[in-house]
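S.K.: Pasting a structure below so you can have a look.
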Amino acid sequence: MVTEYNKAVELTVRARKVQAHLPYWPLLLLATLLLLVVSPWSMAARQADELDTTVQYLIGYVKESNVTFERNSSRYSGMEAAEHINKKYRHFKDDIDTPEKFIELCATGSLMTGKPYFIITGQGQQLPSAEWLNTELSVYRLRNEHGNR
């Protein structure tokens, strides 16, 4: 009889331990579900911020440059080119998911005439603006990658 009593006490103690932990399971499940839902949004927001930071850097680079921009056979200062590129960026922002896509849609050429944009250096060298900006994008990434280590 003592053995049966001890078994009953042991089962009661085990049952109470299990019940004591039960309230935590729904909370743990809820926390896990929240993390699964919130994490992708958080990551997407961070990527959007990084994209916008990079794009704004490139627009600033154009604005501060000492080159002449040729667009549809007309020449513009860096500031004028940056204003035009920024206007196109605002228009195409929802279609842009990478800095390369930004350069392609906003700084490579005219969508109306199909003519490419060029930059003309102080020495008179003419380069496609896409090549010039993609080179600076590579430099920017290397600088930021090096700075983050």
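The values are calculated or read from the model by the stated rules, or taken from the named source; none is laboratory data. Since we're looking at a predicted model, the values are computed, not measured. Neighbour counts are summed over all protein chains in view; Cβ atoms, including those assigned to glycine, are modelled from backbone coordinates with ideal geometry.
Here's the yes/no breakdown for (1) small (Gly, Ala, Ser); (2) at pLDDT below 95; (3) under 16 Å from the mean Cα position of the chain (by Cα); (4) on the phi > 0 side of the Ramachandran plot:
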position: Thr12; (1), (2), (3), (4): no, yes, no, no
position: Leu27; (1), (2), (3), (4): no, yes, no, no
position: Pro40; (1), (2), (3), (4): no, yes, yes, no
position: Arg46; (1), (2), (3), (4): no, yes, yes, no
position: Gln56; (1), (2), (3), (4): no, no, yes, no
position: Ala81; (1), (2), (3), (4): yes, no, no, no
position: Ile85; (1), (2), (3), (4): no, no, no, no
position: Met112; (1), (2), (3), (4): no, yes, no, no
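S.K.: For the structure I just gave you, tell me whether Ile120 is aliphatic (A, V, I, L, M), touching a residue at least 12 places away in the same chain (Cβ under 8 Å) and surrounded by 16 or more Cβ atoms within 10 Å (Cβ to Cβ). I'd like the intermediate steps shown before the answer.
M.R.: Working: aliphatic (A, V, I, L, M): yes; touching a residue at least 12 places away in the same chain (Cβ under 8 Å): yes; surrounded by 16 or more Cβ atoms within 10 Å (Cβ to Cβ): no.
In short, no.
S.K.: Restricting to the stretch 44-90, and then to whatever is among the small types (Gly, Ala, Ser) and in contact (Cβ under 8 Å) with a residue 12 or more places away in the chain, can you tell me which residue is surrounded by the most Cβ atoms within 10 Å (Cβ to Cβ)?
M.R.: Looking at the filtered set, the residue picked out is Ala81.
S.K.: Report whether or not Glu104 is over 15 Å from the mean Cα position of the chain (by Cα), more than 17 Å from Lys63 (Cα to Cα) and in a helix (DSSP H, G or I).
M.R.: Yes: the conditions hold for Glu104.
S.K.: Related question: Being under 19 Å from Asp52 (Cβ atoms) and assigned to a loop (DSSP other than H, G, I, E, B) is the filter here, so list the residues in the stretch 109-149 that pass it.
M.R.: Within the stretch 109-149, Asn148 is the sole residue that qualifies.
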